[in-house]
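Peer 1: Structure in structure tokens, see below.
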Number of protein chains: 2
Amino acid sequence: MTRSERRAARIAVDLLGGDDAPAVVVDGALLALDADASLRLVPVGPPSVVDGLLARIPAALRSRVDPVPVDEGERTPVRTAVGLVAADRADAVISAGSTAATVTAAVAYCGRYPGLSRPALAVTVPARRGRLILLDVGASPSPDAADLVRHAVLGAAYAQATLDVPEPRVGLLSIGSEPGSGDTLRRTADGLLTAADLPAGRYVGLVEGHDVPLGGVEVVVTDGFTGNVLLKGVEGTLRLAGGRHAEGVPRAAALLGVGGPVVVCHGAAGGPDLASGIAFAARLVTDGVTDRVARIDHAFLRQDRAPGVPDREWTTGTGGRR
Amino acid sequence: MTRSERRAARIAVDLLGGDDAPAVVVDGALLALDADASLRLVPVGPPSVVDGLLARIPAALRSRVDPVPVDEGERTPVRTAVGLVAADRADAVISAGSTAATVTAAVAYCGRYPGLSRPALAVTVPARRGRLILLDVGASPSPDAADLVRHAVLGAAYAQATLDVPEPRVGLLSIGSEPGSGDTLRRTADGLLTAADLPAGRYVGLVEGHDVPLGGVEVVVTDGFTGNVLLKGVEGTLRLAGGRHAEGVPRAAALLGVGGPVVVCHGAAGGPDLASGIAFAARLVTDGVTDRVARIDHAFLRQDRAPGVPDREWTTGTGGRR
């Protein structure tokens, strides 16, 4: 049985991740179990926190929880949780802890896609017409042009798999939409992307900050520094403005380019946010999103016209798989 | 008579700057003249455009307009207009054309402040409590850490002069608020700013994208690439969300660090935006804002503890003054 055929997703949950952990993570786990009768959770944390969670789980739900206590001095819960995915003891992992720690653990234990130096964190944001994928929002603050090309491939594949758009339009974020706008990194990446043949989606050129809320493309590619600042600016502005979009930015993001579904949740996430994030992680598994993204990325690597990819070897972690 | 004592500001206007120039610039000039009876304009552009503007100006306003026709093949209108400030034939200049062209002309003709490699474009954005200054929003996409320190000095001085805050709080934009967050540039600049003694304002450390709409500081310093993307993202999100803040982001920004008041207007500015921009440029002169920023920057340079400033010589342009 492959992962995409499996009906009950097993989600490893980092109980210590998040500004208000473990309380909000425990709350989120309970909400998620209650909301999805097929969901299985693998909560990972110190024995006392695991016991506290188990004490709150109604007997009827208990059989769907397979906790992994981690003693102090062992690997951190997030590393242990990611390791469970690599070891096929969980199908996906979620943490609301430090993005850097989660990314490091994911690269170490699940491995990176062949020839990919840096993974990308992708978030779905509300736009004037529908939604769009913004990546990277913080996994790789200083990518090179080849990374941005691969992130475009991954983002387009992810948009095709999650937004139900047959040929997503992909833009590279810059400070002007005419060719040549922006810094050296954007000019180089724009040239590579113009020459590239994306297996899913179509590169349409440079876009600007306002294109993220206002649309016109389904995928916006940028470095993790700019993407993180922009995402938080959009989130804060929606909170400032109120109205129907105020709750519009999901607090969970998918890490693309690593050998397993890894979900990073906002550090300030509350219990309901964690529950949404767990449900999101489960959908990545049951809808086969991560597998589909991996297949499209593989198709890109197999073509002759994959510019800027210096090395096509699959970089495995200790338990990498694809 | 010094510039700050002069009551009638003379504003040089680039008639060819902007996506919809010259029509919207002509409209804006007429609106601005009508709104402020002490304003004097120096419109700069091709003779046919100047004639078109003059034909539309009521006789009663004509004495306040001192046009400078520029023949094709001469210096561009924006360069000519900036040159008028350097030559003291205008007190300030405004262009809605290419930011890069305006910045280049400003540096060439008005000169930069001593020891400053790159100027910064500062914009005032609405925040939950009041307003804040975001800089740089596009003049210098790739600054170094010393530039960011000077931009903090300039931004704090500008906030003190325009927001009526005695000691503006200054934050450095990053992707995490703990010391050490972000890339090498932020870590270096954070160290320099922590050691610096700002003559106006107080450095409070790293801030994040949501702090721009939600406040907590009065000045947010970042590189021109990130700042431009964030500003346009906030603008677009306010348009998406509608509501009371929808028209909240001004379409004019002040270029700080050059030897004269230079205002850059949004390329998509309409006539009323241009009129607001002209009025904004006039206030920079009549309120003595530019002079005050220059004095505060000078105080920073004179102290012993001005870290990261490699060279304290005043970089003059062809007509630099301070």
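Peer 1: Given R₀ = 25 Å, FRET efficiency for A:Arg283-A:Ser63 by Cβ-Cβ distance, to 0.05?
Peer 2: About 0.70, to the nearest 0.05.
Peer 1: Relative to the Cα centre, what is the charge dipole magnitude of the stretch A:115-250, using +1 at the beta carbon of each Lys and Arg, -1 at the beta carbon of each Asp and Glu, and rounding to the nearest 20 debye?
Peer 2: That gives a dipole near 320 debye.
Peer 1: In addition: Any idea of the accessible area per residue across the stretch B:27-99, 1.4 Å probe, to the nearest Å²?
Peer 2: Per residue, the stretch B:27-99 has an accessible area of 44 Å².
Peer 1: Near B:Leu61, within a Cβ-to-Cβ distance under 11 Å, what is the net charge of the other residues, with Lys and Arg +1 and Asp and Glu -1?
Peer 2: Spelling it out: positives minus negatives among the neighbours equals +2.
Peer 1: GNM, chain B, Cα, under 10 Å: largest mean-square fluctuation among B:Gly130, B:Gly97, B:Gly18?
Peer 2: Looking only at B:Gly130, B:Gly97, B:Gly18, the biggest GNM fluctuation is shown by B:Gly130.
Peer 1: Taking just the C-alpha trace of the stretch B:1-118, give me its Rg and Dmax in Å.
Peer 2: 14.2, 47
Peer 1: As a test of the definition: with a 1.4 Å probe, what buried accessible area, both sides summed, do you compute for A against B, in Å² to the nearest 100?
Peer 2: Roughly 2800 Å².
Peer 1: Next question. Quick one: in chain A, what % of C-alpha pairs are over 26 Å apart?
Peer 2: 43 percent
Peer 1: Follow-up. On C-alpha positions alone, give me the angle between the axis of helix B:145-162 and the longest principal axis of chain B, in degrees, nearest 10.
Peer 2: For helix B:145-162, the angle is close to 60 degrees.
Peer 1: Right, another one. Tell me, what are the semi-axes, in whole angstrom and largest first, of the equivalent ellipsoid of the protein assembly as shown as set by the roots of 5 times the Cα gyration tensor eigenvalues?
Peer 2: Listed largest to smallest, the semi-axes of the protein assembly as shown are 50, 25, 22 Å.
Peer 1: Using 7 Å Cα-to-Cβ label points, what is the B:Gln303/B:Ala37 separation (nm, one decimal)?
Peer 2: Spacing of the two 7 Å Cα→Cβ label points: 4.5 nm.
Peer 1: Identify, among A:Leu240, A:Gly205, A:Leu173, the residue whose Cα sits farthest towards the positive end of the charge dipole of the stretch A:115-250, taking +1 on the Cβ of Lys and Arg and -1 on the Cβ of Asp and Glu, with the dipole about the Cα centre.
Peer 2: A:Leu240
Peer 1: With N set to the number of residues, divide the alpha-carbon radius of gyration of the stretch A:79-174 by 2.2 N^0.38 Å and report two decimals.
Peer 2: Ratio of Cα Rg to 2.2 N^0.38 Å: 1.15.
Peer 1: Over the stretch A:115-250, with every protein chain in place, what whole percent of the accessible area is carbon and sulfur at 1.4 Å, could you tell me?
Peer 2: 45 percent
Peer 1: Count neighbours as other Cβ atoms within 10 Å of each site's Cβ, and list the trypsin sites (Lys or Arg not before Pro) in the stretch B:70-143 that are DSSP loop with at most 10 such neighbours.
Peer 2: Sparse-neighbourhood loop trypsin sites (Lys or Arg not before Pro): B:Arg129.
Peer 1: In nm, to one decimal, how far is the modelled label at A:Arg56 from the one at B:Asp20, with both set 7 Å along Cα→Cβ?
Peer 2: Calculated label separation equals 5.5 nm.
Peer 1: How large are Rg and Dmax for the stretch A:115-250 when only the alpha carbon atoms are used, in Å?
Peer 2: Rg, Dmax (Cα atoms, Å): 13.8, 43.
Peer 1: What is the angle, in °, between the Cα long axis of helix A:77-86 and the longest principal axis of the Cα atoms in chain A? Nearest 10 is fine, range 0 to 90.
Peer 2: Helix A:77-86 and the main axis of chain A meet at about 70 degrees.
Peer 1: Using the Cα centre of the protein assembly as shown as the reference point, and only Cβ charges (+1 on K/R, -1 on D/E), how large is the resulting charge dipole? Debye, rounded to the nearest 20.
Peer 2: Result for the protein assembly as shown is approximately 360 debye, rounded to the nearest 20.
Peer 1: From the label point of A:Gly242, set 7 Å from Cα along Cα→Cβ, how far away are the matching label points in the other copies, in nm, ordered shortest to longest?
Peer 2: Those separations, rounded to one decimal, come out as 1.4 nm.
Peer 1: Now a separate question. Using only Cα atoms and rounding to the nearest 10 degrees, what angle (0 to 90) does helix A:271-286 make with the longest principal axis of chain A?
Peer 2: That helix lies at roughly 70 degrees to the long axis.
The values are calculated or read from the model by the stated rules, or taken from the named source; none is laboratory data. Since the structure is predicted, the reported quantities are computational estimates derived from the model, not experimental observations. Cβ: placed from backbone, ideal geometry, glycine included. Neighbour counts: every protein chain shown. Note: accessible area is taken over every heavy atom of the protein model, side chains too, but ligands, DNA and RNA are not part of it. Shrake-Rupley method; radii C 1.70, N 1.55, O 1.52, S 1.80 Å.
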